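**Student:** Supplied in structure tokens, the structure appears directly below.
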Amino acid sequence: MKTPFGGAGGKRGLLSETQIKATRPGPKESFLNDGETLFLRVRSSGKA
């Protein structure tokens with residue numbers, strides 16, 4: 001099952017500080033999520 005943010009449905013675990021810091025902007029906007037309601041949007045510009 002896909003979520004609206006591109007992740008797999010179900011419990012995936014928490015986002016770690018390491019995962020967040022290792023994420024770099026790409027050519028398209030992307031999302032990291034915890035499989036629940038928390039998500040982090042990563043913009044292609046790298047800005048908040």
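Any read-out appearing in this document is the output of simple, stated calculations on the displayed coordinates, not a laboratory observation. As the structure is a computational prediction, the values presented were derived from the model and not from experiment.
**Student:** Could you derive backbone 3J(HN,Hα) for segment 26-40 from the dihedral phi with the Karplus parameters 6.51, -1.76 and 1.60 (θ = phi - 60°), listing whole Hz in sequence and x where the residue is Gly or Pro?
**Tutor:** Karplus-based 3J(HN,Hα) across segment 26-40 equals x, x, 10, 5, 9, 10, 10, 9, 9, x, 10, 10, 8, 9, 10 Hz.
**Student:** Next question. Using modelled amide H (1.01 Å from N, peptide plane; none on Pro or chain starts), what sits under 5 Å from the amide H of VAL42, excluding residues fewer than 5 places away?
**Tutor:** Result for VAL42 returns SER30, PHE31, LEU32.
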